[in-house]
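Have a look at the structure below before the remarks.
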Number of protein chains: 2
Amino acid sequence: MKTLLIICDGMADRSIPALAYKTPLEIAKKPNMDWLAKRGISGIMDTIAPGVAPGSDTAHLALLGYDPYETYTGRGPFEAAGAGIDLRPGDIAFRVNYATVDKNMIITDRRAGRIQDTKPLAEAVQKIKLKGAEFIFRSTVGHRATLVLRGKGLSHEVSDSDPHEEGKKPLKIEPFLQSQEEVVPAYPIIAGGVRKYVMRRRWAAKTAKLLNEFSQKAHEVLKKHPLNLERAKNGLPPANYLLIRGGGIVPHLRPFQERFRIKGACVAAAALVKGVCKLAGMTVVDVPGATGSVNTDLNAKAKAVLQQLKDHDFVLLHVKGSDEAGHDGNIRAKIEIIERVDSIINQFIDAFDFIVITADHTTPVGVKNHTADPVPVVISGPGVRTDDVKTFSERAAAKGGLGRIRGKDLIPIVIDLMGKSTKFGA
Amino acid sequence: MKTLLIICDGMADRSIPALAYKTPLEIAKKPNMDWLAKRGISGIMDTIAPGVAPGSDTAHLALLGYDPYETYTGRGPFEAAGAGIDLRPGDIAFRVNYATVDKNMIITDRRAGRIQDTKPLAEAVQKIKLKGAEFIFRSTVGHRATLVLRGKGLSHEVSDSDPHEEGKKPLKIEPFLQSQEEVVPAYPIIAGGVRKYVMRRRWAAKTAKLLNEFSQKAHEVLKKHPLNLERAKNGLPPANYLLIRGGGIVPHLRPFQERFRIKGACVAAAALVKGVCKLAGMTVVDVPGATGSVNTDLNAKAKAVLQQLKDHDFVLLHVKGSDEAGHDGNIRAKIEIIERVDSIINQFIDAFDFIVITADHTTPVGVKNHTADPVPVVISGPGVRTDDVKTFSERAAAKGGLGRIRGKDLIPIVIDLMGKSTKFGA
């Protein structure tokens with residue numbers, strides 16, 4: 001039994017006045033999705049919980065069966081895993097921007113002129129050694145990079161150095177603990193008692209101190225780097241400062257294959273999604289031409305899906321463009337990407353037993369951000385109790401046989417349909 | 001964005017043979033509610049959980065987004081807050097009845113002849129001082145009063161002195177702990193370990209002792225009070241004993257405004273509902289003419305709602321009469337109050353962006369008490385994914401686009417529609 005899970009990021013929407021109160025999904029011509037709805041079972045799904053607007057990282061954790069409230073502390077670990085860093089549970093990871101500061105340490109460009117090809121800079125930064133932790137630093141796409149701290153007595157509970165504004169100085173990183181009552185339990189720092197809280201304060205203080213030292217050393221290394229001297233000569237803003245944010249602790253995720261007894265692969269362009277799948281122990285494929293944007297090469301991704309099918313039972317295909325269209329408030333682009341995704345589905349219909357289509361969250365074009373509205377989901381394949389739903393959309397799915405489910409329940413439902421569930425009890 | 005949440009207490013019902021197996025909501029003429037259903041999204045809601053018959057206090061806690069299993073230990077705190085006592089988390093609060101005992105300490109009237117105007121009695125009782133706790137005592141409506149204990153090492157886990165029957169003596173108050181396994185976590189007594197259990201036993205024993213002493217002193221003060229001597233002269237039963245019951249510990253509720261980033265107001269007559277809203281940090285309005293009964297002045301309440309709209313984003317309008325009609329088994333009164341509520345809705349339609357209508361629980365006229373049947377809910381406002389539901393009722397709502405939700409999810413869903421939710425993740 002083989003299953004394809006298609007996740008169109010942010011595809012779901014709200015009633016749009018300009019579409020006569022319909023949604024892009026209701027307007028788009030999507031014969032394949034509708035065909036799957038006719039022979040499948042539909043429902044609506046709260047990826048995390050009703051009223052909770054999910055990020056793409058927390059949503060994908062939930063969609064792979066992990067409770068984000070237990071495993072998520074920040075985006076850093078998922079960015080770092082998506083960037084190909086081999087993480088260990090307990091590592092502390094951050095998102096980093098190459099930025100430009102002037103002589104007075106004022107940030108003049110948070111993205112260092114959207115610099116490209118920063119690998120030589122990363123190599124120089126990687127040479128920095130500090131007592132107390134191992135530092136792993138890697139450039140990702142454009143002005144972006146990722147930083148991992150490995151060692152004992154470290155914490156993700158530190159503030160950002162990124163002020164998220166130009167014309168300001170980078171912020172000093174400080175220990176940043178939620179009050180004891182508001183603690184989000186996370187591996188391995190399960191909230192528990194004052195002693196643990198004191199320990200955590202100490203760890204956070206140590207981590208903040210290390211990161212401030214690292215920032216200073218990195219600034220010294222970067223401002224003298226030949227690549228930056230060259231940029232300055234050409235009138236380009238030098239990438240002479242690293243802005244740090246989004247710290248999180250790498251969770252221990254019980255591997256997908258161990259949990260569900262099937263091998264899973266992920267075909268995605270978005271680093272956060274790749275990171276989640278990687279930390280779940282899935283095979284993560286790099287697809288040339290997959291841009292994570294509306295102009296992505298969907299045929300290349302389809303080919304990669306069929307490639308992975310050979311030695312995996314489960315393939316997750318993630319399409320980012322629908323979310324981008326939502327964030328841009330572009331109704332037409334959203335309809336178009338839905339239609340383009342639909343057009344590649346027919347090559348999957350004979351190849352897979354089960355095809356599941358859903359979104360990780362709603363990104364209404366009228367809101368331009370993620371909202372908590374439930375997403376539609378359809379499961380098509382042998383044995384499913386088909387319902388009266390004849391089309392794939394938010395409203396149609398709400399009448400489906402699945403009712404209203406949670407994101408973390410989706411994979412267990414599919415695994416059971418695939419005949420791979422284990423009985424609880426006798 | 002402004003939201004009005006109308007809660008008709010106990011409005012939902014079951015199939016009634018005398019109404020050709022319809023419900024009062026299905027029979028009532030309610031054009032405004034139906035109009036909102038047509039342009040809104042409907043669903044059914046388990047205020048607490050399926051099969052759990054809610055009280056008005058626990059239901060309103062859940063409807064404001066608080067888990068009653070974490071915050072509720074008894075009605076006392078909500079009565080006391082509703083009576084205007086300025087409570088602190090950790091205070092122990094009780095519901096009190098003025099009662100009549102004879103010379104042999106036998107209760108001859110649990111309500112002291114439904115005495116009114118007990119303020120002078122309360123003032124005398126308030127003078128009682130005991131070592132070990134501060135006592136705050138206040139009369140509320142009729143024969144009712146409320147008692148709060150403030151201090152260290154106190155507990156709500158004590159039995160009632162009210163035997164709930166006349167012809168008996170008041171009961172001695174005893175420490176009354178649930179077994180360690182059955183402990184309901186409550187601030188600040190989070191279940192934890194044998195040591196804590198031993199501590200709690202000690203606290204409960206101390207509290208019980210204090211309450212017994214207080215009861216004795218109050219009896220002495222009351223029996224000699226001029227107001228009671230006067231009553232005896234007039235052949236009226238003296239209010240010479242305080243029956244104590246419904247102890248609970250005041251929970252720490254994270255303020256509504258802090259949690260949801262909007263200012264909330266409550267327009268209600270029922271003390272319990274006012275108490276819940278007050279402890280949630282909402283503005284609680286006293287409306288002259290709002291009686292908490294079927295004959296309540298709904299227009300005065302509507303006026304108060306529109307008044308609060310000016311500097312609040314969220315107004316909760318609570319109508320008690322529908323519950324009273326249910327408890328009385330009065331079908332006609334229930335239909336009537338529904339129709340009366342409907343008639344005030346049109347003045348809200350232009351004033352608010354979102355209007356939500358629901359009940360806190362079902363009070364079937366055939367049962368005359370609260371039941372666990374889910375309640376109908378409709379959310380009307382910009383962007384909602386309208387469904388095919390054309391009328392507001394228990395059965396129609398069950399086919400709506402919201403599916404079946406929980407009470408504690410309602411406000412987060414509404415907050416998200418108002419554009420005030422915060423993303424969990426990146």
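Pick from A:PHE424, A:PHE352: which is assigned to a loop (DSSP other than H, G, I, E, B), of a type in the set (Phe, Trp, Tyr) and not assigned by TED's automatic domain parsing to the domain that holds A:GLU26? Full working, then the answer.
Values: A:PHE352 fails: not assigned by TED's automatic domain parsing to the domain that holds A:GLU26.
Criteria check complete, one pass: A:PHE424.
Those residues that are in a helix (DSSP H, G or I), touching a residue at least 40 places away in the same chain (Cβ under 8 Å) and surrounded by fewer than 21 Cβ atoms within 10 Å (Cβ to Cβ), I need them from the range A:303-323; list them, please.
A:LEU306, A:LEU309
Could you count how many residues in the range A:34-56 are in a helix (DSSP H, G or I) and either crowded, with 24+ Cβ neighbours inside 10 Å or facing chain B (nearest Cβ under 8 Å) (or both)?
First, pick out the residues of the range A:34-56 that are in a helix (DSSP H, G or I): A:34-38, A:56.
If we keep only those that are either crowded, with 24+ Cβ neighbours inside 10 Å or facing chain B (nearest Cβ under 8 Å) (or both) too, we end up with A:36-37, A:56.
Selection size over the range A:34-56: 3.
Given the conditions (1) hydroxyl-bearing (Ser, Thr, Tyr); (2) facing chain B (nearest Cβ under 8 Å); (3) on the phi < 0 side of the Ramachandran plot, and given that A:TYR21 satisfies all but one, which numbered condition is not satisfied?
(3)
Would you be able to say whether some residue in the range A:326-334 is surrounded by 24 or more Cβ atoms within 10 Å (Cβ to Cβ) and in contact with a Pro (Cβ under 8 Å, 6 or more places away or on another chain)? Write out each step before concluding.
Here is the first cut: in the range A:326-334, the ones surrounded by 24 or more Cβ atoms within 10 Å (Cβ to Cβ) are A:326, A:334.
Going one step further and asking which of them are in contact with a Pro (Cβ under 8 Å, 6 or more places away or on another chain), we end up with A:326, A:334.
Checking the range A:326-334: at least one residue is surrounded by 24 or more Cβ atoms within 10 Å (Cβ to Cβ) and in contact with a Pro (Cβ under 8 Å, 6 or more places away or on another chain).
Can you tell me which residues in the range A:330-362 are within 11 Å of chain B (Cβ to nearest Cβ) and farther than 22 Å from A:LEU4 by Cα?
Taking the range A:330-362 as the starting set, the residues that turn out to be within 11 Å of chain B (Cβ to nearest Cβ) are A:360-362.
Across the range A:330-362, there are no qualifying residues.
Just the residues that are surrounded by fewer than 21 Cβ atoms within 10 Å (Cβ to Cβ) and within 11 Å of chain B (Cβ to nearest Cβ), please, taken from the range A:363-385. If you could, list the steps in order and put the result at the bottom.
Step one: filter the range A:363-385 for residues surrounded by fewer than 21 Cβ atoms within 10 Å (Cβ to Cβ), giving A:366-369, A:382-385.
Within the range A:363-385, A:GLY366, A:VAL367, A:LYS368, A:ASN369 qualify.
Which residues, taken from the range B:107-127, are in contact (Cβ under 8 Å) with a residue 24 or more places away in the chain and assigned to a loop (DSSP other than H, G, I, E, B)? Full working, then the answer.
Step one: list which residues in the range B:107-127 are in contact (Cβ under 8 Å) with a residue 24 or more places away in the chain, which gives B:107-116, B:118, B:120-121, B:124-125, B:127.
Residues satisfying the conditions are B:ARG110, B:ARG111, B:ILE115, B:GLN116, B:THR118, B:LYS127.
Among the aliphatic types (A, V, I, L, M), in contact (Cβ under 8 Å) with a residue 60 or more places away in the chain and in a loop (DSSP other than H, G, I, E, B): does that describe B:ILE262? Walk me through how you get there before you give the answer.
Working: among the aliphatic types (A, V, I, L, M): yes; in contact (Cβ under 8 Å) with a residue 60 or more places away in the chain: yes; in a loop (DSSP other than H, G, I, E, B): yes.
Yes, satisfied.
Of everything in the range A:93-107, what is out of contact with any helix residue (DSSP H, G or I) (no Cβ under 8 Å at 6 or more places or on another chain), over 13 Å from A:THR146 (Cβ atoms) and buried (at least 17 other Cβ atoms within 10 Å of the Cβ)? Give them in sequence order.
Matches in the range A:93-107: A:ILE107 only.
Pick from the range A:122-165 the residues that are under 21 Å from A:ALA99 (Cβ atoms) and among the basic types (Lys, Arg): which of them is nearest to the chain's Cα centre (by Cα)?
Narrowing the range A:122-165 to residues under 21 Å from A:ALA99 (Cβ atoms): A:122-128, A:130, A:135-149, A:158-165.
From what is left, the residues that are among the basic types (Lys, Arg) are A:127, A:138, A:144.
Working: A:LYS127: 29, A:ARG138: 18, A:ARG144: 15 Å.
The extreme case among them is A:ARG144.
With the structure loaded, tell me whether B:ASP350 is in contact (Cβ under 8 Å) with a residue 12 or more places away in the chain, surrounded by fewer than 24 Cβ atoms within 10 Å (Cβ to Cβ) and more than 21 Å from A:ARG14 (Cβ to Cβ) or whether it fails that test.
Details: in contact (Cβ under 8 Å) with a residue 12 or more places away in the chain: no; surrounded by fewer than 24 Cβ atoms within 10 Å (Cβ to Cβ): yes; more than 21 Å from A:ARG14 (Cβ to Cβ): yes.
In short, no.
Out of (1) in contact with a strand residue (DSSP E or B) (Cβ under 6 Å, 6 or more places away or on another chain); (2) within 14 Å of chain B (Cβ to nearest Cβ), what's the single condition that is false for A:HIS327?
(1)
Cβ-Cβ below 7 Å, separation at least six or inter-chain, first residue in the range B:138-165 and without any contact (Cβ under 8 Å) to a residue 24 or more places away in the chain, second acidic (Asp, Glu): which pairs?
Here the result reads B:GLY151/B:GLU134, each pair linking the range B:138-165 to a residue that is acidic (Asp, Glu).
Take the conditions touching an Asp or Glu at 6+ places or on another chain (Cβ under 8 Å) and not charged (D, E, K, R) and apply them to B:PRO382. Does it pass? It would help to see each step written out before you state the result.
Details: touching an Asp or Glu at 6+ places or on another chain (Cβ under 8 Å): yes; not charged (D, E, K, R): yes.
So B:PRO382 fits the description; yes.
Checking A:ALA59 against (1) in a helix (DSSP H, G or I); (2) more than 12 Å from chain B (Cβ to nearest Cβ); (3) not charged (D, E, K, R), which single condition isn't satisfied?
Unmet condition: (2).
From A:VAL365, A:VAL294, which residue is touching a Gly at 6+ places or on another chain (Cβ under 8 Å), at pLDDT below 95, part of a loop (DSSP other than H, G, I, E, B) and assigned by TED's automatic domain parsing to the domain that holds A:MET11?
After applying the criteria, what remains is A:VAL294.
So A:GLU79 ticks every box in (1) part of a helix (DSSP H, G or I); (2) within 14 Å of chain B (Cβ to nearest Cβ); (3) surrounded by fewer than 24 Cβ atoms within 10 Å (Cβ to Cβ); (4) of a type in the set (D, E, K, R) but one. Which box is left unticked?
(3)
For residues in the range B:386-418 being part of a strand (DSSP E or B) and facing chain A (nearest Cβ under 7 Å), which is surrounded by the most Cβ atoms within 10 Å (Cβ to Cβ)? It would help to see each step written out before you state the result.
Step one: of the range B:386-418, the residues part of a strand (DSSP E or B) are B:403-406.
Filter again for facing chain A (nearest Cβ under 7 Å), leaving B:403-405.
On the way: B:GLY403: 24, B:ARG404: 16, B:ILE405: 20.
Per the criteria, the residue is B:GLY403.
Test A:THR73 against the stated conditions and say whether it is within 17 Å of A:GLY246 (Cα to Cα) and at pLDDT below 95. Give the steps one after another, and end with the answer.
Details: within 17 Å of A:GLY246 (Cα to Cα): yes; at pLDDT below 95: yes.
In short, yes.
The values are calculated or read from the model by the stated rules, or taken from the named source; none is laboratory data. Everything numeric here is computed off the predicted structure, so don't read it as measured data. Every residue, glycine among them, receives a Cβ derived from its backbone with ideal geometry; neighbour counts consider all protein chains shown.
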